[in-house]
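Take a look at the structure set out below.
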Amino acid sequence: MTLTVDETPFGFDPLNPGFRADPYSVYRRQRETDPVHHSPMGIWTLTRHADCEAALRDQKLGHGDGINGSDHLSFLTLNPPDHTRLRGLVSRAFTPKVIRELRPRIEQRVTELLAPLRDGGEFDLISGFAYPLPVMVISELIGVPVEDQSRFSGWSEEMARGIDPDFLQTPDQLVRRDQAKLEFDNYFRELIAARRGRPADDLLTGLVAAEQDGDKLDEQELLDILALLLVAGHETTVNLIGNGALALLRNPSQLQLLREDPSLAPSATEELLRYDSPVQFVSRVALADTTVAGHPVAAGEIVSMILGAANRDPSAFPDPDRLDLTRQSGRLVSFGQGIHFCLGAPLARLEGQLALAGLATALPALELVDEQPAYRDHFILRGVSALHVRA
């Protein structure tokens, strides 16, 4: 499936097979020739860093009926004051203290997952490492029993695919998305009921009991937040680890730099988030008439920000197509900006740092088997479906 110029609102075709392999050359051309694209559908597409950053912070741009397909993750599509209330309740799960306390457990999980891979031979880095690590971490954080964690895989994949705009999906994909959310909700209704009767030391218990100014979460809000935590806390981190590993393997001198100095892991993770961002695209709706990138935007029009393009803008990041783990990364937009900045960013960063440093040091002979891995059938989220390597 491909789209004609008249059918795509972005100025480029995200369904073109070549686009997934290398979207950045497409972004570069658009950023240079049509950086503020306005389609006949009334959709604006931004590709410059300064424009995207300003739009992400613009409180006249919010959420409404638009091209996002993420109603099943309704926290993503809320505006203040509802967004402020729910974010305040959830944010206590991601305090610096909570993240610090998770570090030893994540380190242990990284060691356990890498141990059987050290014997050599070929394996898929995604299914063997990048995929199970974040699902273990987010499941344990929420309070999902170990025996149920494998059930998350299918739900997470379908719901993550479902955040793409509806017009980029087939009817069958939309049905699978809705079915996955239904099964997810049914499972967690039972777990919520169990926590109400028997509290535990986990995030789910905290959310069930959460109260701010006397206002508790209702059950549907709680279910939608849990779905968001699963997708945002799992799928994007899988892509961070997978994309990061691929970039390092394609740039062996940078991989060797990290191997020799694992203390570079924080700056390496920032650079890899910039170089091949797990989240490529977000959109907002103009809540009132406003101006975006010097252009008048009418209330109700959609503004799309191509984060992957902004992170490769040479005006913000000199020589942006070069991977440099020592780069002072500047103002990444990988986690968004403003009031919708990703709550789980500190956890994702920590997982990325420990996973990538662990790979570099535990598997010193790691090399690519498949130089051109296939990418997952997503637009908003970017990640390889499999990454065949040899240890």
Keeping to the range 40-61, report how many residues are in contact with an Asp or Glu (Cβ under 6 Å, 6 or more places away or on another chain) and under 12 Å from residue 333 (Cα atoms). 2
Residue 348 fails exactly one of (1) assigned to a loop (DSSP other than H, G, I, E, B); (2) in contact (Cβ under 8 Å) with a residue 12 or more places away in the chain, namely (1)
Any idea how many residues of the range 27-49 are part of a helix (DSSP H, G or I) and under 21 Å from the mean Cα position of the chain (by Cα)? 2
Residue count, the range 13-26 (criterion: surrounded by fewer than 17 Cβ atoms within 10 Å (Cβ to Cβ), assigned to a helix (DSSP H, G or I) and not hydroxyl-bearing (Ser, Thr, Tyr)): 3
Only one of 116, 134 is outside any loop (DSSP other than H, G, I, E, B), closer than 26 Å to residue 362 by Cα and within 20 Å of the chain's Cα centre (by Cα). Can you tell me which? 134
Look at the range 260-282 and say how many of its residues are under 14 Å from the mean Cα position of the chain (by Cα) and small (Gly, Ala, Ser). 1
Go through (1) under 28 Å from residue 34 (Cα atoms); (2) in contact with a Lys or Arg (Cβ under 7 Å, 6 or more places away or on another chain); (3) not in a helix (DSSP H, G or I) and name the single condition residue 309 misses. (3)
Please work out which residue is modelled with the lowest pLDDT, limiting yourself to the range 157-175 and to residues that are within 18 Å of residue 280 (Cβ to Cβ) and within 17 Å of the chain's Cα centre (by Cα). 162
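The values are calculated or read from the model by the stated rules, or taken from the named source; none is laboratory data. The structure presented is a predicted model; accordingly, all values stated were derived computationally and were not measured. Positions of Cβ are generated from backbone atoms using ideal geometry, with glycine treated the same way; all protein chains shown enter the neighbour counts.
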